[in-house]
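Below: the structure, in structure tokens.
The values are calculated or read from the model by the stated rules, or taken from the named source; none is laboratory data. In this text, all values refer to a predicted model and were calculated from it rather than measured experimentally. With ideal geometry, Cβ positions are generated from the backbone for all residues, glycine too; neighbour counts draw on all protein chains shown. We work out accessible area using only protein heavy atoms, side chains counted, and drop any ligands, DNA or RNA first. Shrake-Rupley method; radii C 1.70, N 1.55, O 1.52, S 1.80 Å.
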Amino acid sequence: MNNTVTELISRFDKHDISSSRVNAEVMLSHILGCRIIDLYTKDMKLTKEHIDCLENMVIRRVHGEPLQYITGKVHFYGNELFIKEGVFIPRPETEILVDVVIGLLIQHSMQDAKSLPLIYDLCTGSGNIAISLTKALSRCKIISSDISDDALYTAKKNSRLNGVYDRIKFIKSDLFDIPGSYRNRFDIIVVNPPYISSDEIEHLSSEVRREPEKALDGGKDGLEFYNHILKKAPSFLKKNGFIALELPDGKDKELRELIAFHSDFKDIRIFKDLNNIGRVITAQKDG
């Protein structure tokens, strides 16, 4: 199997496919139904059916289709998720957002025996954030929304695959277009909104542009969704509730100023990754 991996790496390198070894290993393990380590430690054989399937996958990949769409799988926060074309592919960076929300719940005693915190997960996409939070927390109730039928189908399927369907309520909604009964009820609102400026969309790689534009385009300055969310969120948060937002690269200052402009919030905090890049910003509703 080493020779096959080497041949695939060579083909991907010729087409400037990044992480060529990862692509080769993931494809082979996918069609063989094995672990990546098994490719090197076991005597794995490719049948003609395997070879035909592999060739089809390679062709799709060199033509710019994301690996996750080809395999129909993506891993996020230790969970395997189903993914399909038309749904935004979760990024590893967003795992920090999950960690931050869990930290808020623990820090503010929202995970004790008497609490059942209510979380609103906007722009749920594949359901990656809601599912990760639900599996990691012993007690919580999550409302997840998206305007995309493809996204909601995918999120519901993933919640079933991960055994948490009964703990998440899915709503088709354009951000805060939800029943008024949810006003002043959420302990935390969490969202990874579209944040690429409209002018930048056409300059993205062909691979990224295969993902749904609605999940990428953040308007003229990339902050359109943040503005809308910050205006509406206070009406749906409990007194002293929190909002947690993923940050666009390099826009820590702009987001801090934007949240400060909305006087309904206090205690603005930025959380950075291991490379000292701001990834998440949180703020508390001013009670």
For this session: Report yes if some residue within the stretch 175-185 is in contact with a strand residue (DSSP E or B) (Cβ under 7 Å, 6 or more places away or on another chain), open to solvent by 30 Å² or more (accessible area, probe 1.4 Å) and over 16 Å from K141 (Cβ atoms); otherwise report no.
Result: no
Exercise. Quick one: I143 ticks every box in (1) at pLDDT 95 or above; (2) more than 22 Å from R279 (Cα to Cα); (3) in a loop (DSSP other than H, G, I, E, B) bar one, so which box is it?
Worked result: (3)
For this session: Return yes or no: is S198 touching a strand residue (DSSP E or B) at 6+ places or on another chain (Cβ under 8 Å) and either surrounded by 15 or more Cβ atoms within 10 Å (Cβ to Cβ) or among the hydroxyl-bearing types (S, T, Y) (or both)?
Result: yes
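Looking only at helices (runs of 4 or more DSSP H) that fall completely inside the stretch 1-97, which ones have 3 or more residues that are buried (at least 19 other Cβ atoms within 10 Å of the Cβ)?
Numbers: elements: 2-14, 20-32, 38-41, 48-62, 67-71.
In the stretch 1-97, the matching helices (runs of 4 or more DSSP H) lie at 20-32, 48-62, 67-71.
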Exercise. Quick one: S144 ticks every box in (1) touching a strand residue (DSSP E or B) at 6+ places or on another chain (Cβ under 9 Å); (2) among the hydroxyl-bearing types (S, T, Y); (3) surrounded by fewer than 24 Cβ atoms within 10 Å (Cβ to Cβ) bar one, so which box is it?
Worked result: (3)
For this session: Check the stretch 110-125 and report whether any residue there is open to solvent by 60 Å² or more (accessible area, probe 1.4 Å), under 18 Å from I243 (Cβ atoms) and in contact with a strand residue (DSSP E or B) (Cβ under 7 Å, 6 or more places away or on another chain).
Result: no
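Going through I281, I178 one at a time, which residue ends up being at pLDDT 90 or above, under 19 Å from the mean Cα position of the chain (by Cα) and under 25 Å from S126 (Cβ atoms)?
Working: I178 fails: under 19 Å from the mean Cα position of the chain (by Cα).
Answer to the selection: I281.
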For this session: With the condition kept exactly as written, say whether any residue in the stretch 147-157 is under 26 Å from Q68 (Cα atoms), exposed (fewer than 14 other Cβ atoms within 10 Å of the Cβ), more than 16 Å from the chain's Cα centre (by Cα) and of a type in the set (D, E, K, R).
Result: yes
For this session: Determine the pairs where a residue that is touching a residue at least 60 places away in the same chain (Cβ under 8 Å), located within the stretch 232-248, has a partner that is small (G, A, S) and surrounded by 21 or more Cβ atoms within 10 Å (Cβ to Cβ) with Cβ atoms under 8 Å apart, the partner being 6 or more residues away or on another chain.
Result: F242/A283
For this session: Starting from the stretch 249-276, take each residue that is within 17 Å of I229 (Cβ to Cβ) and list its partners that are open to solvent by 70 Å² or more (accessible area, probe 1.4 Å) and not in a loop (DSSP other than H, G, I, E, B), counting only C-beta distances under 6 angstrom and pairs at least six apart or across chains.
Result: I268/R256
For this session: Taking D217 as the residue in question, decide whether it is among the acidic types (D, E), farther than 28 Å from I70 by Cβ and open to solvent by less than 60 Å² (accessible area, probe 1.4 Å).
Result: no
Exercise. Can you tell me which residue in the stretch 240-263 is nearest to V191 (Cα to Cα), limited to those that are in a loop (DSSP other than H, G, I, E, B) and open to solvent by less than 70 Å² (accessible area, probe 1.4 Å)?
Worked result: L247
